[in-house]
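Each remark here refers to the structure printed beneath this line.
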Amino acid sequence: MIYTKNIIDKIVALKNNDLAMRDRLLKEGKLFDGYNKEMEELHISNAHRLNEIIDQYGFPSLEKVGKEASKAAWLVVQHAISLPSFMKKYRDMIMSTKDLGQHSREQLAYLSDRIAVYEERPQLYGTQFDWDNAGKLSPQVYDDLVKVNKRRKSIGWNSLEEQTQIIRLQAQRDNNHCPTDLESHRHQIKLWKYKVGWLIKP
């Protein structure tokens, strides 16, 4: 089936609802204290709706839906962290696209890194950050800095060192601070990974 303007608008609306809630929670000081339940519920709802659209109309590629809706769909998937199978499904759809352009390569880099981090594997592009032992936002585990920067350069990105500074400045602007109890923060993330299926208990 062909994507109609109405369906494309619905994809963009999913993204807009996500960002509107993020802005509200940020203003209320509720965004960075763990994974906000209200936000998680919206992420799951958006993902289910997008999945229904994909099942009916196919992968929302740049050619089919345009740049805005393609980015919107990717953001919904990137935020669907409670649904591992859906994120992997979308990643595989991007990978199966012939002749990946810049737009798709960037989406694939972010999504693949996020999946790798939640599965506790090294990321390849250094797109995912969390608090380190010194209380600073730093890239989560990656395979090799030289290789990471080479991959980033291949898709027109800055170095990981430069990106780290940008991420830290953004955190300051958003008033995003390291959790008081970092070990508890990491423990809660670990439990959540088991809960939603990113990890399987031994």
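The values are calculated or read from the model by the stated rules, or taken from the named source; none is laboratory data. From a predicted model like this one, the values you see are computed outputs, not experimental measurements. Counting neighbours? That spans all protein chains shown, and the Cβs are built from the backbone with ideal geometry, glycine included. Ligands, DNA and RNA are excluded from the accessible area calculation, which covers all protein heavy atoms including side chains. Shrake-Rupley method; radii C 1.70, N 1.55, O 1.52, S 1.80 Å.
In sequence order, region 83-88 has phi-based couplings of 10, x, 5, 5, 4, 5 Hz under the Karplus curve 6.51 cos²θ - 1.76 cosθ + 1.60, θ = phi - 60°, and Gly or Pro positions carry x. Phi-derived couplings, Karplus 6.51 cos²θ - 1.76 cosθ + 1.60 at θ = phi - 60°, listed residue by residue for region 146-151: 4, 5, 4, 5, 5, 5 Hz, with x used for Gly and Pro. Computed from the Cβ-Cβ distance with R0 of 35 Å, the FRET efficiency linking residue 56 to residue 99 stands at 0.90. In the context of the full set of protein chains, residues of region 55-202 present 57 Å² of accessible surface per residue (probe radius 1.4 Å, heavy atoms only). Between residue 194 and residue 132, the distance separating the two model label sites (each 7 Å from Cα on the Cα→Cβ line) works out to 2.9 nm. Qualifying trypsin sites (Lys or Arg not before Pro) in region 71-149, where qualification requires a DSSP coil assignment and no more than 15 other C-beta atoms within 10 Å, comprise 98, 136.
Each residue of region 157-173 is assigned a 3J(HN,Hα), and the resulting list reads 9, 6, 6, 5, 4, 5, 5, 4, 5, 5, 4, 5, 5, 5, 4, 5, 5 Hz, derived from the Karplus form 6.51 cos²θ - 1.76 cosθ + 1.60 (θ = phi - 60°), x at Gly and Pro. From the square roots a ≥ b ≥ c of the eigenvalues of the alpha-carbon gyration tensor of region 132-202, which class results: rounded (a/c under 1.5), prolate (a/b over b/c), or oblate? It comes out oblate by the Cα gyration axes.
Remark: relative contact order (the chain) = 16 percent; criterion is Cα-Cα distance under 8 angstrom and separation of 6 or more residues. Note down the net charge around residue 168, summing +1 for each Lys or Arg and -1 for each Asp or Glu among other residues with Cβ under 15 Å from its Cβ. Net charge around residue 168: -3. Available extension along the chain between residue 26 and residue 64 is 10.3 nm, counting 0.36 nm per residue and deducting the alpha carbon span. Charged neighbours of residue 120, selected by a Cβ distance under 10 Å, balance to +2 (K, R count +1; D, E count -1). For the listed residue pairs 5/195; 89/136; 64/193; 37/136, the alpha carbons are over 30 angstrom apart in 5/195; 89/136; 64/193. Label-to-label distance for residue 5 and residue 120 is 5.1 nm, based on points extended 7 Å past Cα in the beta-carbon direction.
I'd like the carbon and sulfur percentage of the solvent accessible area for the chain, probe radius 1.4 Å, heavy atoms only, ligands and nucleic acids excluded. Whole-percent figure for carbon plus sulfur exposure: 53.
In the set [x] 117; [y] 133; [z] 105, which value of volume of the Cα convex hull per residue in Å³ was calculated from the structure you see? Entry [y]. Backbone amide hydrogens, once placed in the peptide plane, bring residue 142 within less than 5 Å of 123, excluding anything fewer than 5 places away on its chain. Relative to one another, the C-alpha centroids of region 62-139 and region 158-202 are positioned 16 Å apart.
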